[in-house]
Amino acid sequence: MWKNLPLFPERASALAWQVDGLYFLLLGVSAFFTLLIFALILVFALKYRRSVHPHAVQIEGSLPLELAWTLIPLGICMIFFAWGSLIYFQEARPPKGAMEVYVVGKQWMWKFEHETGQREINQLHVPIGRDVRLVMSSQDVIHDFFVPAFRVKADVLPGRFTELWFRPTKTGTYHLFCSQYCGTDHSRMIGQVIVMEPVAFQAWLSAEGATGTLPENGQQLFQQLGCATCHRFDTQGRGPNLTGVFGKTVLLDDGRTVVADENYVRESILNPGAKIVSGFKPIMPSFQGQVSEESLMALVAYIKSLAQPQPNEPGGNHAPAPEKSNVQ
Amino acid sequence: MKQMQEEHFDPMSHLVPISLYVTIWAALMVFTGITVFAATVELGVFNIVVALLIATIKGTLVVLFFMHLRYSTKLTMVTVVAAIFFLIILFSLSMTDYLTRAWSTSLR
Amino acid sequence: MATAVQTVERENYLNSDYGIKSWLLTTDHKRIALLYLVSITAMFWIGGFFAMLIRLELLTPAGDLVSSDTYNKLFTMHGIIMVFFFLIPSVPATLGNFLIPLMVGAKDLAFPRVNLLSWYIYMVGAITALTAMVMGGVDTGWTFYTPFSTTYSNTHVMGAAIGIFITGFSSILTGLNFIVTIHRMRAPGMTWRRLPLFCWANYAAALIMVLGTPVVAITLLLVALERAFNIGIFNPQLGGDPLLFQHLFWFYSHPAVYIMILPGMGVINEIVTCFSRKRVFGYEFVALASIAIAVLGFLVWAHHMFVAGISVYAALVFSLLSYLVAIPSAVKVFNWTATLYKGSIRYETPMLYAFGFIGLFTVGGLTGVFLASLGVDVHVHDTYFVVAHFHYVMVGGMVMAYMAGLHFWWPKITGRMYPEAWAKLSALLVFVGFNTTFLPLFIVGYMGLPRRYHAYPPEFQVLNVLSTAGASILAVGYVLPMIYFLWSLRYGEPAPPNPWNAVGLEWMTPSPPPTHNFDETPIVTWEAYDYEHQPQEEVTVGH
Amino acid sequence: MATSDIQVAEHALQHHFADMEQQQETSTFGMWMFLVTEIMFFGGLFCAYLVYRASYYQAFVEGSQKMNIWLGATNTAVLICSSLSMALGVRAAQMGKPKLMAVLLLITIVLGCGFLGIKAVEYHEHWVNHEFPGPNFHFETGDPAHPATDPVHTEIYFSLYWAMTGLHALHMVIGVGLVTWIIIAGLGGAYSRAYFTPVENVGLYWHFVDLVWIYLFPLLYLISKKHGG
């Protein structure tokens, strides 16, 4: 019976328990107040019905009561607020060292690309027990990545990266929904998240195969698009040396500073004039319309790999040690 | 006292002398000159401060005298203040998002 | 007096003048209220028809009744019609229009011609939107999120947006008229502390109409301009920010839910006091709670955007403020409940609806607290949980209150009594049908089914079938009053001036009231809900 | 008060008001409420301007440097003068001098049309420079040493510029229509010392439109004149 009529979503991530915990508290408090109000209405309506209680007793009001039912709900709400915010902050802060998957939403499918280069459509394979961070963007309208079993959700926006993370705690296949209305086949923009044992996941990765890791593909694009002619790995380039830049604070031409995160790299490729690094001229052409979302992500992954502490692993020979590059 | 009573009964009560209108007009013109001049001088962040300060002074003069708010009921004054209040809410709460977005990027 | 009503047909606002022109050119607030009543009832049935089709489609998981494009248009048009053309004008433009001048002891609203103009603007807007729908419909959702609405949708977004833009001005003018009337047109002695809470509530709603509607109007205008000229204020491909659209849209559209619910709350105050023969518990607190809801309602809009990509810190601020707006709503619920205490309670139909309102609004309000809570909102946002929540507030709350008010003032408006037994049955059907429709959707929502899905995974079917079954009961519950109200116009018992033995200036006029409302301007010397000094009995009319 | 004044006043008193005082205060208050909605109406656009200027500062600086500050300043002066003649016109109506009022309001109309004319010159200039948002938009700073850094967002500046000034100009056009109506009605003897509320309300509207420009001018023309060059 309950198999055919599930009444509660599965719990398959580290955060799910916390969300459910707060949900149960909310449910308990709400049930209490709902029953209280229903019971009071019922009791008063029966006890003071016209036939047994023909003359109403006029009551002006009561300040202590008013204060009580202002302040007590307020206090309870502050508990909800604190707990809810704690969960939200955890959701907003992906742990360091998470495995990254790049996600592109388009009308009406999900495209995934693992750092190691495997691509998937409408299916996402992840290992159990590992933090997974998704870097997402949309090719057209706003979509929303939602996995009920993980209790996580984030809008996938065009023109910008958003992120989301989870740590699966239970193997299985779970629904992936697009939960922001996105047009005709919104309800068919669904898929599966498949949580596997680490060994099985490794086997899947190697069975799947890939033409180069994501940073490798990004490096190739970096050469093809001619980025490398200006962004050289020394101080002589017409553009800044990108080694070790990712994640650092960058001083801009107009005196402001900006953190070189995924969105900054993205903006610098598509709209290079918006935030010029101090000491450089606004000469870089815009690549708007020339690189797809996937290529952008590969480039971002490559530039990110230039800031990794272990050099030669993804990028190959000419990524020098990051420490030296900070001289300029 | 006599004027107070008149204000209540006679719609002509806030008949503002022409000289006052002309003074306000002159002030507005002078402030326009100042703000245009200030815009041609490099003042850094103060360019915008000066420009908006002068605009607010000019706006206040228009509302108080040309629009007779100074001679209006308290209710009208409250109405104007309320409009400004909700406008500020629209601006400031929208900006809480835009100004703090950069803080919340997760770094790797 | 009671016999006089039956024998001599007294001149009233209905029979003072005949002919279509006397209605279309009237400046009488009571006649304009009836014009509105007819128009919004038509819109309610159109929107309700779409709702039934949506529920029928969701009977099966496969999405086989209509195509996905059709389904998208159905829920979009259901939303647009119900929100902008039914819920927002419902209580204010009909009951508010009819009653506010009567309640404050005025001969009319402050600007009668503006009032008529607002109805015409409403009609132009409604016809524009309906034309867009007949021509092929809109599929953006009532929220018009960019860039879907500006660039990707190839349906009649312009027509719908312009229709809503136009109707916005009708709402602004109605709100403006109410505010000015309540400030300037009160009868001698009708101080703010003696003002019926229905007026307080409509005053608060009118504040939102005046302050919020212009913002959504300009936002939709920009959407229309973007489509017309291919500019990109909200389009990321052209450098714009889609979240700015959401900010500007919700700056109005969140407070707009208070435009809908506040007048409903006002209705409940009048009915609960009347049928428990008591003054309202904590008058000042209920009155100020209305204003608090209106003001705080402007500070919480971004709780619709917690997963939209806004700053974490902004989300924190908006979450905190969202809890604050829950408090005055809770205060009202507690005060109504306390009003029943030691009352002398009669179970007339309006009172049954009012009980239903308090209960369902409590559920709707409390589930709103779930949505203010950041951690839980991330999971339930844009799922059926949200759908269930706002239907509890809008249909369970607002429409219940509207029905309550219609029954309560029907004798005053038409001069006829409705059939009590049928009315009680319909109240019961609405309550049962409503809960059967929407309670299962909370479960569906927490399980994670996103809203606006044309087809869905099969494990959600049982609850969806239950919901559709409930919707059919609900539909019967709404059709019944339509029938007996129309029936009562001709066959209903003539109503005495004050069938409920209620206090309030509107009950001191004959039913229906004369065109000029009061023969001479009343002078108010008593508090609101002064049931203590109201003669108790001699009121057995109508059953 | 002359008897004709009282006749006009009685004629103008609507049935649902107790007296002229109530009627006059009510309509003026109604007008202020309407201006509140106007403030919020423009407020949405100002909010968009604020958000985008904060986000794309450089692009907005470059865009606003294409504004003709002298035409803008002239237009500001023209509007302030029209507000003065409007204020004096209302004063003339208060004193029961319809002919004087008509002359002053005619000056207001002329100045208002002057404003629109100058605005049209500016619009034309932007139009021929492809500074109208849309498919034909093309932006050059005009200084080869400093090419446009962020034309995508400069287009947003121009979108907002056209939307804000366009909406303002639309209000001006409506204002000119309203003032024309007041002149005609005033010469026909509709107003007197006891009843001149419509004149006052149209005056409020006109000053409000002036007020909007007082903010548009610095925001669009002035504050970036000396920046980022």
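Structure notes:
- Pairwise label distance in nanometres, C:Tyr18 with A:Thr229, each label 7 Å out on the Cα-Cβ vector: 9.0 nm
- Those GluC sites (Glu not before Pro) in segment C:1-90 that DSSP places in a loop and that have at most 11 other beta carbons within 10 Å: C:Glu9
- For chain A, averaging the sequence separation of C-alpha pairs within contact (under 8 Å, six or more residues apart) and dividing by the residue count gives a relative contact order of 15 percent.
- Rg and Dmax [Cα atoms of chain A; Å; Rg one decimal, Dmax integer]: 26.9, 96
- Calculated mean residue ellipticity, 222 nm, chain A: -11500 deg cm²/dmol, from DSSP H runs (n ≥ 4) at -39500 (n - 2.57) each, averaged per residue and rounded to 500.
- Remark: mean inter-chain Cβ contacts per residue of A:38-51 equal 6, using a 10 Å Cβ-Cβ cutoff to other protein chain atoms.
- For chain C, the relative contact order comes to 18 percent (Cα pairs under 8 Å, sequence separation of at least 6).
- Working ranking of peptides B:25-37, D:213-225 by packing, defined as the average number of other Cβ atoms within 10 Å per residue, highest first, is D:213-225, B:25-37.
- Semi-axis lengths, Å, the protein assembly as shown, gyration tensor of Cα atoms, sqrt of 5 times eigenvalues: 53, 43, 23
- Counting only Cα atoms, segment C:334-488 measures 51, 34, 22 Å along its principal axes, largest extent leading.
- Inter-part distance where segment C:36-97 and segment D:84-112 are each reduced to a Cα centre, Å: 51 Å
- Each of C:Met123 and B:Thr73 was given a label point 7 Å from its Cα along the Cα-to-Cβ line. The distance between the two points is 3.3 nm.
- 13 Å beta-carbon shell around D:Leu204, net charge (K/R +1, D/E -1): -3
- More than 41 Å apart - percent of Cα-Cα pairs taken over segment C:27-533: 16 percent
- Mean-position separation - Cα centroids, segment A:39-97 and segment D:7-77, in angstrom: 42 Å
- Taking the DSSP bridge list for segment A:9-211 and keeping only pairs wholly inside it, about 70 percent are antiparallel.
- With Cα atoms defining each centre, segment C:378-425 and segment C:443-513 are spaced 5 Å apart in the structure.
- Take each residue of peptide D:48-58, count the partner chain Cβ atoms within 10 Å of its Cβ, and average: the result is 6.
- For the segment D:89-98, counting C-beta atoms of other chains within 10 Å of every residue's C-beta and taking the mean gives 2.
- All lysines inside 21 Å of A:Lys153 as judged from Cα atoms, apart from same-chain residues fewer than 8 positions distant: A:Lys96, A:Lys106, A:Lys111, A:Lys170
- With distances taken between every two different alpha-carbon atoms, segment B:17-67 has a Kirkwood hydrodynamic radius of 11.5 Å.
- Semi-axes of the equivalent ellipsoid for chain D, Cα gyration tensor, largest first, Å: 43, 17, 12
- log₁₀ of I(q)/I(0) at q = 0.23 Å⁻¹ - segment C:423-475, Debye sum with one point per alpha carbon: -0.82
- FRET efficiency for A:Trp17 and A:Leu42, using Cβ-Cβ distance with R0 set to 41 Å, rounded to 0.05: 0.70
- For segment D:1-127, the relative contact order comes to 18 percent (Cα pairs under 8 Å, sequence separation of at least 6).
- Under the combined filter of DSSP loop state and at most 15 neighbouring Cβ atoms within 10 Å, segment A:14-111 retains these trypsin sites (Lys or Arg not before Pro): A:Lys96.
- Neighbour-limited loop hits for chymotrypsin sites (Phe, Trp or Tyr not before Pro), segment A:174-245 (at most 13 other Cβ within 10 Å; DSSP other than H, G, I, E, B): none
- Among residues other than A:Gly239 with Cβ under 10 Å from its Cβ, the summed charge is +3 (Lys and Arg +1, Asp and Glu -1).
- Cα principal axis extents for segment C:230-304, largest first, Å: 62, 18, 15
- Charge tally for C:Leu116 (other residues, Cβ to Cβ under 15 Å; Lys, Arg +1; Asp, Glu -1): +1.
Read the figures in this text as sums done on the coordinates, not as results from a lab. Small disclaimer: the values here were computed from a predicted structure and weren't measured. Note that each Cβ is placed from the backbone with ideal geometry, even for glycine, and that neighbours are counted across all protein chains shown.
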